[in-house]
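Everything below concerns the one structure shown next.
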Amino acid sequence: MVRVGLQISATLENIDKVEIDADYSFFFKLTCSNCGETSDKWHDVTESERVQQDSRNPDGFNFYMKCKMCGRENSIDVVEKSSVPYTGDDAGKFKTIVVFDCRGVEPVEFSPRSGWKVHSAENGQVFEDVDFSDDDWVEYDQKNKESIGVYEFNSKFIKLKK
């Protein structure tokens, strides 16, 4: 089992924090650790959902698949309570926002899509279901009467020590 952290980096304008919840669907392209096959389609992993595919684990997994090349059974679980917000203090730096237990497969590409929650600075508005698929997001905070934005959204995966 390998622990993999999803790190993000962004420039924040008048933003207090950016976060996800347990219902957020992470979209990944995956590589099989056994044969090296990389998926050409996106797979979604959601912390609040469990799939029951393997009799060896009665609790199920957040994600389960069989490799189409080698037939190996692979799974991913979101580490419980590992999700943390990306804050104004983190702006411009990579920060691990969630950790995954990966068995036989590793994420290699992340598509942020919709479902993010953005909190504007100084008790401003909260924006729900924000989509970062364009890497930039701009809005107007009516409460604080100022422009807000998330720019240059980037992500990467790192292997973590247990």
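Each reported figure results from applying straightforward, stated rules to the coordinates on display, with no laboratory input. For clarity, every value in this text was computed on a predicted model and none was experimentally measured. Cβ coordinates were reconstructed from backbone atoms using ideal geometry, including for glycine residues, and neighbour counts include every protein chain displayed.
If neighbour count is taken as other Cβ atoms inside 10 Å, put Met69, Met1 in order from fewest to most.
Met1, Met69
Cross-link candidates for Lys145: which lysines have Cα within less than 30 Å, leaving aside residues fewer than 8 places away along the same chain?
The reachable lysines, counting only those whose Cα sits under 30 Å from Lys145, are Lys17, Lys93, Lys95, Lys117.
Neighbouring Cβ atoms within 10 Å as the yardstick, rank Thr46, Thr38 fewest first.
Starting with the residue having the fewest Cβ neighbours, the order is Thr38, Thr46.
Which translational diffusion coefficient, to the nearest whole µm²/s, is obtained for the stretch 36-132 from the Stokes-Einstein equation, given a Kirkwood hydrodynamic radius over C-alpha pairs, 37 °C and 0.692 mPa s?
It diffuses with D of about 208 µm²/s by this estimate.
When the chain is treated as a GNM, springs tying every alpha-carbon pair under 10 Å, which of Val45, Val108, Val118 comes out with the largest mean-square fluctuation?
Taking springs between Cα atoms under 10 Å, the residue moving most is Val108.
Please report how far the C-alpha centroid of the stretch 74-135 lies from that of the stretch 1-66, rounded to the nearest whole angstrom.
Each part reduced to its Cα centre gives a spacing of 11 Å.
Across every pair of different alpha-carbon atoms, what Kirkwood hydrodynamic radius in Å does the chain reach?
16.7 Å
Using Cβ-Cβ distances only, list the Cys residues of the chain with no partner cysteine under 4.7 Å, sorted by number.
Result for the chain is Cys102, no neighbouring Cys Cβ within the cutoff.
Quick query: amide H of Arg72 versus all other amide H atoms, modeled in the peptide plane; which residues come in under 5 Å with a sequence gap of 5 or more or a different chain?
Residues meeting the criterion, in which the H sits 1.01 Å from N, are Cys67.
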